[in-house]
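Written below as C-alpha cells is the structure these notes are about.
The values are calculated or read from the model by the stated rules, or taken from the named source; none is laboratory data. Computed from a predicted model, the values in this text were never measured in an experiment. A quick note on method: Cβ atoms are made from the backbone with ideal geometry, for glycine too, and the neighbour counts reach across all protein chains shown. These area figures cover heavy atoms from the full protein model, side chains too; ligands, DNA and RNA do not enter into them. Shrake-Rupley method; radii C 1.70, N 1.55, O 1.52, S 1.80 Å.
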Amino acid sequence: MDPRRWGSALLALACCAAGSGLALAHPGSPVLALSGFYLAAMVALWWPGIWLFAVPACLPFLNFSPWTGWLMVDEFDLLLLAVLAAGYLRLARMPRNNAFRWTQPVPFATAVVVLFAVASLLSLARGILDAGGLTWGWFQGYGDSMNSLRASKSLLWATLCIPLLQDALRQSVVQSCKRLAAGMLVGLVVVTLAVLWERAAFPGWFNFTSKYRTTALFWEMHVGGAAIDAYLALATPFVAWALRSARRPWQWAWGALLAVLVTYAGLTTFSRGVYLSMAAPLVLLGLLLWVQKAGLDLRAMVVNLWQRRRPRGWRAKAAWALSIALVAEVVGVLNGGSFMASRLTTTERDFGSRMAHWQRGLDLLHDPVDTLTGIGLGRLPSHYASSYPEGEWSGHVEWQAGQGAEPPVMRVSGPESDDELEGLFAATQRVRPVPGARYRATLQVRVEEPVGVYLQLCERHLLYPARCQDAYLELKPVADPASPVWQHVEVPLRGPNFQGGPWFAPRLGMLSVMVLGAGTHADFRSIGLQSTDRKELLANGDFAQNLAHWFPAARFYFLPWHIDNLYLEVLIERGLLGLLLWGTLMGTALWHLVLGRARRQPLAPYLAASLSGVLLVGLVSSVMDVPRVAFLLFLLVFVALQLARAPESPELSKTRVLHI
C-alpha cells in the first residue's frame, strides 16, 4: 500500500479523534459542538475545495472565549480539525497515478518549510520544559505550559493544510484562488459588521473623540495586542480584488461599499501601524497588477507607462467617486475628534517607551542557547512578567481543586507588588444587562489578610466599560488567619440603570471580579448574581466545571503579554535559527509572488500586498501570539509557495505579452 494513503488515513483518524474530544469538552454545548464538527467534516468531504472559502470566511467569528472561558483552544480549532479529517480521508481514498519514492528531489521552498517546522518543534519542546513539563488543562492561562501548544498550533494547522491545498490546486488553480479570495471577503464583511455593531452600541459611529479603539470579534485582545490590526493588514488587499474582478456595476458597488467599511474599521482602531499597513501595500499592489499585465516586458512597461489609456465608462467615474469618498472618510475620522490627534502628538514618547520595552524583551535571551533557539514558544509573557518589576502581571485567575471535602475555588489575585496596577485585571463572565433592572451579588469568599474586592457589572464589549453598577467590599479574615473560614456576603450593586443600546446593536454585558491590593488574593467558593426577579444569571458560579464561562481580562495595562514587534517576537521565542528560517520562508513566498513563477497567477499581486502589509504592521505589533491571525498568515504564505508549483493560469497566459 502506498505510504501516502495509509499516512493520510492515520492523520484523518487522529484529526477526527482530536476534534471529537475537543467538541465533547466544550463548556457550552458539547452536543452542539460535536454536531457542528461532524457537519463541517461531511461538507468538506462531499465538497472538496470548499474549505478554502469556509476557513477564512469563518475565522473572524469562530471564537467564543468570553462565553466558554477557553484560552488555549477555541471553536476555530474545531473547524480546522473537521476540515483536516475530511481532507485526509479523501486523500487516503484517492488513487495515486505516480509511484511513491523515498528518494526524490526536495524543492527549496519545501525544505524551508520543513526546517522551520523542525525549529518550531524545538522551540515548543523548550517552552514546555521551561514551564516545568506539560500539564493538560482546558482553562490554563498564558503563564502555563499549555500556552506553548497554543503558540504552536497556528503553524501546525497551516502545515497540515498543505496537502489539501495541493489537491485543491490540482483540481483547479483559478477556482481555488477565487474561493480563497471570496472567503477573505466574507471574513472582511463579518469584521466590518462587527465593527459597526460595536461602535453603534458603545461610542457611536461618528464619535471619534472618545478613547475607544475597535476590537470587533477578536476576543484575544482581552489582554491587549493587535489582532484586528494584523487581520486588516492581511485582508484589505482582497477588497481591491473584489473591485477589479467585478464585471457589472452592482458588483462593483458592493466592493466599493466594502472598501468604505474596511477603511472605517481600520481608522477606528486608531492605530498608526494599521494606517501604514493598510495603505502602503496598496501602492505595491497597483504596481504588481500593472507589471503582471505588462508581462514583465521592460520595453512594454515603459511604453505602457506613457501611452496606456485611462479607464473609460462607468468604471472611471466610479473609481473617482470611490477615491473622493475614501479621502473624505479619512479626513472626517482624523479631524472629527481629538483622540487620534492626541495619539499623534505622543508618537515620540510612545516610541521611546516601546524601545525600552523591546530592549527588556531582548534581555530575556540570557545565554547563547537562548539566542540560538529562543526561550521557548509561549514563554515570553511569563519570562517578561517575572523578570521586570515594571512588567509584572496586573493580576491572576486560577482554579484550585478542593482537598477532601473542600469544594473547588477560584482564586483571584492582584498585582504582586505594584499598587498602581490594582483593579486592572479581573475574572469576568458575560451577562446580558436588562435596561432598568437592579442587581445583587452573593459571595462565599475566604481571605487570609485584609483585602479589597471590587464587583463591577458593566455594559462592555471587551476593553472599555460604559454604564456600570458596582460594589466595593473590604474583607478581613475571620477566625485564625492560618485557617480562615468562609464568609457569606450579599451586596447590592449601585449605579445608573443600563440603557441597552439601539435595537440593531444591543450592548453586551460583563461582570468583573477584581481583587485590590498588591500581593493579595481572595478565594471564591461561589459567586452569584441576581436581577430584580431573583433569577440566577451566572453559569458555573460554584466552579464545579473548573473555570468554564469565566474569562480573565485586563484593562489599559498590557505590557507583559506582548512584545509589540513581530520580528522580536519570533527572535525571543524561536531564536536566531527560527528568525532566519521564518525570514527565509517569508522572503521565498514574496520572491515567488513578485519575481518568480507565481507572479503569473491572478491572485499573486494581492497575496504579495497582503504579506507586505502584515510585515509592516509587525514593525510595531505582535502577530504570532494570536493563533487565528497567525494561521491566516501561514496559510497565505503556503498558498504563495504552492502557486509557484501550480500550472500557469490560462486567464493570464493569454494576456501575458502586452501588444502596443
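Per residue, the chain exposes 43 Å² of solvent-accessible protein surface, assessed with a 1.4 angstrom probe and all protein chains in place. How large is the translational diffusion coefficient of segment 93-228 in µm² per second when you combine the Kirkwood radius over alpha carbon pairs with Stokes-Einstein at 10 °C and 1.306 mPa s? Translational D for this selection: 81 µm²/s.
Running Debye on segment 339-494 with equal point scatterers at the Cα sites and no solvent, what base-10 log of I(q)/I(0) appears at q = 0.17 Å⁻¹? Computed log10 I(q)/I(0) values: -1.19.
Under the convention that each Lys and Arg Cβ holds +1 and each Asp and Glu Cβ holds -1, the size of the dipole of the chain around its Cα centre is about 4100 debye. Here's the picture: charge each Lys and Arg Cβ at +1 and each Asp and Glu Cβ at -1 in segment 154-280, and of TRP219, ALA181, LEU234 the one pushed furthest to the positive end of that dipole is ALA181.
Distance from the Cα centroid of segment 600-629 to that of segment 147-222 is 12 Å (rounded to whole angstrom).
Normalise the Cα radius of gyration of the chain by 2.2 N^0.38 Å (N = residues in it) and let me know the number. Cα-based Rg divided by the globular estimate yields 1.01. Note on segment 418-513: the C-alpha convex hull projects to 7.0 nm² when averaged across all orientations. Derived from the Cα gyration tensor, the three semi-axes of the equivalent ellipsoid of segment 1-153 are 29, 23, 13 Å, largest first. What net charge do the residues around ALA151 carry, taking every other residue with its C-beta under 15 Å from that of ALA151, with Lys and Arg at +1 and Asp and Glu at -1? My count for the surroundings of ALA151 gives -2.
For the chain, the share of accessible area belonging to carbon and sulfur comes to 63 percent (1.4 Å probe, ligands and nucleic acids excluded).
For the chain, the list of Cys residues with no other Cys C-beta under 4.7 Å reads CYS15, CYS16, CYS58, CYS161, CYS177. Overall, segment 530-660 carries a charge dipole of about 640 debye about its Cα centre when +1 sits on the Cβ of Lys and Arg and -1 on the Cβ of Asp and Glu, all other atoms neutral.
Rg/Rh for segment 146-187 stands at 1.13; both radii use Cα atoms, and Rh follows the Kirkwood definition. In this structure, the amide hydrogen of LEU516, modeled 1.01 Å from its nitrogen in the peptide plane, lies closer than 5 angstrom to those of GLY452, VAL453, TYR454, counting only residues at least 5 positions away or on a different chain. Close amide H pairs (under 5 Å, H built 1.01 Å from N) link PHE498 with GLY436, ALA437, residues at least 5 positions away or on another chain. Running Debye on segment 184-302 with equal point scatterers at the Cα sites and no solvent, what base-10 log of I(q)/I(0) appears at q = 0.16, 0.17, 0.18 Å⁻¹? Those come out to -0.80, -0.87, -0.95, one per q.
Per q in 0.16 1/Å, what log10 I(q)/I(0) does a Debye calculation on the alpha-carbon atoms of segment 489-603 return? Here log10 of I(q) over I(0) equals -0.98. The distance from the alpha carbon centre of segment 43-70 to that of segment 367-388 is 32 Å, rounded to a whole number.
Mind checking the alpha-carbon convex hull of segment 425-580 and giving the volume per residue in Å³?
168
If you count Lys pairs in the chain whose Cα atoms are under 30 Å apart, skipping same-chain pairs closer than 8 places in sequence, the total is 8. The ellipsoid equivalent to the alpha-carbon distribution of segment 151-242 has semi-axes of 32, 18, 9 angstrom, derived from the gyration tensor eigenvalues as √(5λ) and listed largest first. Computed over segment 546-654, the convex hull of the alpha-carbon atoms projects to a mean area of 9.7 nm². Using the Karplus relation 6.51 cos²θ - 1.76 cosθ + 1.60 with θ = phi - 60°, the per-residue 3J(HN,Hα) values for segment 73-83 come to 9, 7, 5, 5, 4, 4, 4, 5, 5, 5, 4 Hz, with x marking Gly and Pro.
When the chain is described by a simple charge dipole with +1 on each Lys and Arg Cβ and -1 on each Asp and Glu Cβ, the residue from GLY587, ASN63, VAL274 located farthest towards its positive end is GLY587.
A P(r) calculated from all alpha carbon pairs of segment 488-548, with 10 Å bins opening at zero, reads 15, 41, 33, 11, 1 percent.
Of the peptides 369-381, 20-32, the ranking by mean beta-carbon count within 10 Å, highest at the top, reads 369-381, 20-32. Along the axis of the charge dipole computed for the chain (Cβ charges of +1 for Lys and Arg, -1 for Asp and Glu, origin at the Cα centre), the listed residues PRO163, VAL291, THR520 are led at the positive end by VAL291.
For segment 159-273, a simple Cβ point-charge model (Lys and Arg +1, Asp and Glu -1, everything else neutral) yields a dipole of about 360 debye relative to the Cα centre.
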